[in-house]
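The values are calculated or read from the model by the stated rules, or taken from the named source; none is laboratory data. Here the structure is a predicted model, which means the values were calculated and not measured. No Cβ is skipped: glycine too gets one built from the backbone with ideal geometry, and neighbour counts run over all protein chains shown.
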Amino acid sequence: MNKKTQKTLFSSKQTEWITPQEFYIKLMTVFGPFTLDPAATKENSKCNKFFTIEDDGLKQSWEGEKIFCNPPYKRGIINQWVKKCFEEGQKEKTLVVMLLSVRSDVKWFREYVMNADEIYFVNGRLKFGGQEKNNSAPFPSMIVVFDGFKKEKGILAVGTIDRK
């Protein structure tokens, strides 16, 4: 791993990674249609209903929605988003699909991701929007599903999903 990659991977400098549209469409066909993007900007929202930083999606109720969430990856903030997604995904008739970096070494992974209903590891590295044309993410990604529609709880599926 070169120094530039190490600096990006272990830095909190870049916290927002715009979901690749092609990958989002793939998720829509499997889990959608999504009705809420709680961690968005007007420029990168994936749903008609979305919360910006000013709306503070962490303080809003998501009950009854089908949520797609690609949260800010900033240390100290991402754990709040993963916890919120877990809590909202426990509500009846609420589905939360998160796009996260694979970080099995952190507390939020052990406390919340390991209690997800489904986990899918993305094959290869995503090319997030706003990045250099041929520059893949410096980290592996995963899809984590908290499904309030399911009666049984615990990890029911672990698998992989292609990025294209």
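Looking only at residues in segment 27-37 that are in a helix (DSSP H, G or I) and of a type in the set (A, V, I, L, M, F, W, C), which one is nearest to residue 122 (Cα to Cα)?
Here the residue is 27.
Of 105, 37, which residue is acidic (Asp, Glu) and farther than 20 Å from residue 147 by Cβ?
Only one candidate passes the filter, namely 105.
Just the residues that are within 16 Å of residue 60 (Cβ to Cβ) and among the polar types (S, T, N, Q), please, taken from segment 71-89.
Hit for segment 71-89 is 80, nothing else.
For a quick check of your reading of the model, give me the residue pairs whose first member lies in segment 87-108 and is on the phi > 0 side of the Ramachandran plot, whose second is crowded, with 16+ Cβ neighbours inside 10 Å and of a type in the set (S, T, N, Q), with beta-carbon atoms closer than 8 Å and at least 6 apart or on different chains.
Here the result reads none, with nothing in segment 87-108 linked to a residue that is crowded, with 16+ Cβ neighbours inside 10 Å and of a type in the set (S, T, N, Q).
So for segment 25-36 (the condition being out of contact with any strand residue (DSSP E or B) (no Cβ under 7 Å at 6 or more places or on another chain), surrounded by 19 or more Cβ atoms within 10 Å (Cβ to Cβ) and either without any contact (Cβ under 8 Å) to a residue 60 or more places away in the chain or not β-branched (Val, Ile, Thr) (or both)), does at least one residue qualify?
Scanning segment 25-36 turns up no residue that is out of contact with any strand residue (DSSP E or B) (no Cβ under 7 Å at 6 or more places or on another chain), surrounded by 19 or more Cβ atoms within 10 Å (Cβ to Cβ) and either without any contact (Cβ under 8 Å) to a residue 60 or more places away in the chain or not β-branched (Val, Ile, Thr) (or both).
State yes or no: is residue 122 under 16 Å from the mean Cα position of the chain (by Cα) and modelled with pLDDT of 95 or more?
no
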